[in-house]
Amino acid sequence: MASAGQGFELPVLEGALKRRRRRRLLVAGSVVVVAAAAGLGLIAWLGGGSDACGGPGSGVSKVGGECVGVTDGSYAFSPELSAIEKEIADENASATKPGGPVVTVAVLDPMTVDATSPLSMANVRNDLEGAYTAQYRVNHTHVLGDQRPLIRLVLANEGSHEDQWQPVVHQLEGMVHGPAPLVAVTGMGVSTTQTRDGAKDLAGHDIPTIAAIDTADQLNAADIHGFIRVVANNAQYVASLRAYLDTRPDLDSAILVFDSNSDKTGASDLFTKSLRDDLQSPDGFQKLLTFAPQGFAGVSEPSQANPDLFANITANICSVKPKAVFYAGRGVDLPSFVDALKNRVCDKTPITLLTAGNNLGELNGQAPLLQSAGLTVVYATMADQAGWLAGGPGTPHHFPDFAKAFHDLGFPDVDLVDGGAIMSHDAVLAATQAARLAAQAMPQAQGVPNAADVLNQEVDMNTQFFVPGAGGDLSFTFHGDNGSLSSEPIGKPLPVISVPPETGEASYTDVYTTTQ
């Protein structure tokens, strides 16, 4: 980590600053207060141990039992992240050596997890590997042409369920000045109200946000100034499933299984509600969904109901025997539902389960079990890492270059399985493209661009200045009613993958690609 004298020390959380101010006042005011507090376990708090993670100046503090905040990689949020964070810290040290312009890009994500988190620690690690691969490429190769300004990458943990987004976002907002100003925030967690609120807060400070895996339709440029994403929205995912279903006239009846937590007042999960609405819409599968929808309580949303109770749902499915089952839930609940379907009483009746989303690549290893249970899972997703590594149909033009860099940096193919590394790479790549376009447009005497400069370049990333992403050649432009669709990438392929894979003439090889 660069020294404070170089101007790169990270700000601490607002809450931690307030606690430290209170601490000084209490100590100065009376030793008696400290003695009386000892029975409540406050001596450690007054001494500075219990709310600090990584020591003074680390940028990370303990809030709600989790170490949250912003680090340049010098503080590891988990032992599983220590290796990749060290790589990022080392690259940051190299980038911030005197001699060239530097800007900071943040990755804002849940980087601590629990049993009900929408992301696993492996997902988080893979995301950071992808972000680091982008940082290394833009700093050491000509993937985007001119290597100036260099990119310093900081990691912002908002907690396992993004509950601490507010102090962490405010911490990021305090980093927009100085010798390596923050110019963009990538990652952006998952599709929740916390993500939306954090993005709006950042937008209020003219800080652009570039989402890696957020697909909820409610997250868009019409509501969030400067918000773009390198992945398609749920409406586009459903369109890709629609194109697939057009080739499957045999799937002529369907039932919907959905996460009912999104119906609760104050529910935070935007993804499941958005996917459910799109599946049920006239542009989706309204006419095909002829049976009563089935709801369950997913694990990622706090609920008094017991989660993942699928026995009655599978009984109802067996009662009506639909040809297809649409699933509008998070990936964390899908294995339990698939297990329930494997053990259904109508196991002689084949079922095709269709869904859309991210982090579904691990299903590919279950092909034999699914086949023996008469189940086929078909999902629209952001990346077909296995097919793309083999150079299959629809492989993005720049994916091989990314894959080589990923491997050369020591990361294995298995870390591409959830697609997160690919999309996190593309989000950092897009942020860098916008930053360098802003720098090119400025008189050299003005120094490095600021966040507002970078935000204004987002919708100019097209034509000559498209983003050569691992997940597609992505363009962004001002389009839609009043620019409402400016957040959506043009040129993003959305593969539809079948597990077990289709073979012979039945094999589906078309790839839906997003357009303006």
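Would you compute, for the Cα atoms of the range 359-516, the largest minus smallest coordinate along each principal axis and list the three values in descending order, in whole Å?
Result, largest extent first: 67, 42, 21 Å.
Contour minus end-to-end for residue 346 and residue 481, with contour as 0.36 nm per residue of separation and end-to-end as the Cα-Cα distance?
Stretched fully, the residue 346-residue 481 segment lengthens by 43.8 nm.
For the range 457-516, taking Cα atoms only, what is the radius of gyration to one decimal and the Dmax to the nearest whole Å?
According to the Cα coordinates of the range 457-516, Rg and Dmax are 15.1, 46 Å.
Quick one: check the C-alpha center-to-center distance for the range 314-364 versus the range 136-183, whole angstrom.
39 Å
If you average the alpha carbon positions of the range 52-116 and of the range 450-506, how far apart do those two centres end up, in angstrom?
About 28 Å separates the Cα centre of the range 52-116 from the one of the range 450-506.
Any lysines with Cα under 24 Å of the residue 404 Cα? List them, leaving off those in the same chain fewer than 8 positions away.
Hits, sequence-local ones excluded: 86, 492.
Calculate the tail of P(r) for the range 152-311: the fraction of all Cα-Cα distances greater than 25 Å, expressed in %.
Counting every Cα pair in the range 152-311, those more than 25 Å apart make up 41 percent.
How far, in nm, would the chain grow between residue 510 and residue 404 when pulled straight, counting 0.36 nm per residue and subtracting the alpha carbon separation?
That pair, residue 510 and residue 404, stretches by 35.6 nm at full extension.
In angstroms, what radius of gyration and Dmax does the range 62-145 have, counting Cα atoms only?
14.1, 46
Go ahead and estimate [θ] at 222 nm for the chain from helices alone: -39,500 (n - 2.57) per DSSP H run with n ≥ 4, summed, over the residue count, rounded to 500.
The helix-only estimate for the chain comes to -10000 deg cm²/dmol at 222 nm.
For the chain, go through all pairs of different Cα atoms, get the mean of 1/r, take its inverse, and jot down that Kirkwood value in Å.
Here the Kirkwood hydrodynamic radius works out to 23.8 Å.
Tell me the relative contact order for the range 175-223 as a rounded percent, counting alpha carbon contacts under 8 Å between residues six or more apart.
41 percent
Find the percent of Cα-Cα distances in the range 52-210 that exceed 24 Å, and round it to a whole number.
Here the tail beyond 24 Å accounts for 29 percent of pairs.
Starting from the Kirkwood radius over alpha-carbon pairs of the range 271-375, derive D by Stokes-Einstein at 20 °C in a medium of 1.002 mPa s and give it in µm² s⁻¹.
147 µm²/s
Rule-based calculations on the coordinates, nothing more; no lab input. Nothing here was measured: the structure is a model prediction, and the numbers come from that model.
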